[in-house]
Structures are given as structure tokens and as C-alpha cells.
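Here is the structure we will look at.
The values are calculated or read from the model by the stated rules, or taken from the named source; none is laboratory data. This one's a predicted model, so the numbers in the text were calculated from it and none came from an experiment. Here the Cβ is made from the backbone with ideal geometry for all residues, glycine too, and neighbour counts use every protein chain on show. Surface accessibility is based on the protein's heavy atoms, side chains included, excluding ligands, DNA and RNA. Shrake-Rupley method; radii C 1.70, N 1.55, O 1.52, S 1.80 Å.
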Amino acid sequence: MLLRRSIPFAAALFLLFPTGEVRAQSDQDRAAARSLATQGAEAFTSGRFDEAIDLLGRAEALVHAPTHLLLIARAQARLGRLVAAKETYLKILREELPPTAPAPFKRAQQDAREELAAVDPRIASLRIALEGAAGRKIDVKLDGQPVPDALLGVHRPIDPGNHVVVVSPPGLAPIEQAITLADGERKEIKIPIPESPVAAPSPDGTGAGQGTWGGDGAGVPTDPSPGTPERKTNMLVLGGGIAAAALGVGGVVVGSVFLAKGGATERDANALSARHGCEGQVPVDGLECGPPVRRQIERLDADAASQKTTGVINLITGGVLLAGGATLIVLELTSRPQPSTSAWIAPYVTPTGLGVRGAF
């Protein structure tokens, strides 16, 4: 176990060894670093891993020691921050220790090498792909943190667990998608980006003509008076309503898929439990319903709960978007002036989307 190989409370005393980097510190810095390292080791042993990272990080800022970094990496791994733990382990391994370095420093490097080999395979991988972005600048956040453009469309290391991706296309409502990754799992999510509401020019350049607007990006109804703010506002409202309705349909479909998947996973767990005799009795180690089977059932139950939660969230979000979009469409169409005999407008549905077309 890691606890058996953890640096004991007296680990900070290793700072007394006369290495060149330690000599550069003042007596006050070394004393403070020893105190912080001791407190950090105690917090780690007590299971207060966030506190241990903070205290040991402060000690490391005063006086560098591989023993500080080793406990920080272990605390990060215990918290499930495997990507950060890997980087901390690598920092320990990349340091070239002098031959006169203290034995605990050398042992910290050896422990880091062994523990990194156990942590690395557990790191998951995620690819975020935006479909239909068409070179537009799209704001993407993962768990509230901005995602650089360089990390879009490629696999990136990520901690196992639950994550949320939020995509904010310009002029449209944010698109949110949840995803769960198991240890070492490799996944990708594809997020379709609707077309932004943009007016299409008329053939004669006067603004009169035919046009369409919808989820397939075929265009928008042309405006006979493009410079009129009121007409532009109306078109934006109509476009927003159709986009919201289309997203709502997608959310309902995704939610239904996840709910069905969660039900199937739950049935798999129940079947496994019944097959190994884990129902209606107290499992006993060594019998057919042993710890490995119980752990597999628990993982299936957890996956089923996560899938059902994702399904419910998508159903609720999709339903709200669908209802709101439909309301906007109805209000906008019914509030327009009665068209002349030469003008018409009608909704349409195609295999690639839905929208409204008309002649003006």
C-alpha cells in the first residue's frame, strides 16, 4: 500500500541534508518548510488530501525536495486527479540528483517510477469534435475551464469520472453535454453546431425573393427591407426559435437513448447478481458470489445510475428547448402582418433539418 511507503512525519528533516539547493535557503525558510512538510504528511495520513497538497506545496515553494513532490503526487492520485499526479511524478523523475543526494531523495525517485506505472494506465482519453463549425470561433469549456482550439478534434488525457462539455456558438444558446469515463477508457463526443442566423442576399440585390432558414443551414427568408431593425429582430427571434426546437428534439433523442442504455446496464447487473447467487443472501468470500463479482455488479449499478441521470438531464433540457422554440416560432409567425397575395411562408422538414421557407 502507498501508506506503508509514505514519507513519515519526519520526512521534512531530510531538508537538513547539505545539498546545494538547500544551502541557498535561509534558516527561517528551512525551519518553516520542515514544519509545513510535517503538517502535510500528517494531513495525508489522515486522509485530508486537499490540505496535504496545499501544505506540501507551500513547503516545496520554500525549499525543494523530491519527498514533497512524492506526497503531493500520491494525494493527487487519491483524489482522482490522475493527470496532475502523472505530471508531478514526471517532475520527480526528470530531476537529475547529484551522487551526494540524500538516500530519501533517491528512494522518492524510485517510488515515483513504480507508482507512475500504476497511475498512467488509469488515465482516460477524450476527443471533443465540433461538427459544422465551418471555421467559426466557438467557445468550448470542459468542466468550466476553457478548451484551447489546439485540443479540439484530438484525444487528450483526462481524469476518469463525470465531466460536462459546454459549447457556446455565437448568436445561439449554449449546448451542454455530459460524459462519464471509466479508468483508462477512450471516448469521443461529437457536438453538431447549428448554423448561425444569417440573412441570404436576393438574386436581384433588392432583398426581394425566396429564401429558407432551418437546421440544415439552407438560408433564411430574405428581408425586403434589410436595413429595418424591426425586421432583423423578427428574423433573429424566428431563427432562435427554430434552432432551440431542433436542439430540443436532439436532447429528447439523446435522453431517450441514455435512459434505454441505463435500463440495459441495470438488467445486466441484475442478471449477473442472480447468476452468481448474490441476491437474498450475505455474500461470503470464497463462494461464487465473491469480491470480484460484487465489484463488477457495483460498477454496473454505478454506470446504470450515471446513464439514467444523463438521460433525465437531456430529456428535461430537450423538452424545455423544444417547448421554448415552438413558442417562439408560433408567437413570431402569428404576430407578423397579414402577407399580401404575392407573399407566402410555410414550415418544412427535410432529412437534414427543419425550418421555414417563403416568398416575399
Solvent-accessible area of Ser256 with every protein chain in place, 1.4 Å probe, in Å² to the nearest 10:
60 Å²
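Report in % the part of the accessible area of region 39-108 that belongs to carbon and sulfur, leaving out ligands and nucleic acids; probe 1.4 Å. Mind showing how you got there, number by number?
Numbers: 1530 of 3030 Å².
C and S fraction of accessible area: 51 percent.
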I want to check the label-to-label distance for Gln296 and Arg107. Put each point 7 Å from Cα in the C-beta direction and report it in nm to one decimal.
4.0 nm
Rounded to the nearest 0.05, FRET efficiency between Val312 and Asp120 (Cβ-Cβ, R0 30 Å) equals 0.30
For Glu188, the residues 5 or more places away or on another chain with a placed amide H closer than 5 Å to its own amide H are Arg127
Spin-label model distance (nm) - Thr327 vs Asn162, 7 Å beyond Cα toward Cβ:
2.8 nm
What are the GluC sites (Glu not before Pro) within region 88-128 that DSSP puts in a loop, where the Cβ has at most 10 other Cβ atoms within 10 Å?
Glu96
Search the structure for amide H atoms under 5 Å from the amide H of Ile123, placed 1.01 Å from N in the peptide plane, and list their residues when 5 or more places away or on another chain.
Gly184
Quickly work out the Ala61-to-Glu87 label distance, labels modelled 7 Å from Cα along the C-beta direction, and quote it in nm with one decimal.
1.7 nm
HN-Hα couplings for region 292-303 via Karplus (6.51, -1.76, 1.60; θ = phi - 60°), in whole Hz with x for Gly/Pro, come out as x, 5, 4, 5, 5, 5, 4, 5, 5, 4, 5, 5
Need the list of lysines near Lys187 for cross-linking: C-alpha distance under 18 angstrom, and skip anything on the same chain fewer than eight residues off.
Lys141, Lys261
Quick one: which of 36-44, 63-71 comes out on top by average Cβ neighbours within 10 Å, and what's the full order, highest first?
63-71, 36-44
Full-extension gain in nm, Asp50 to Arg186, via 0.36 nm per residue minus C-alpha separation:
46.2 nm
Could you derive backbone 3J(HN,Hα) for region 32-39 from the dihedral phi with the Karplus parameters 6.51, -1.76 and 1.60 (θ = phi - 60°), listing whole Hz in sequence and x where the residue is Gly or Pro?
5, 5, 4, 5, 5, 5, 5, 4
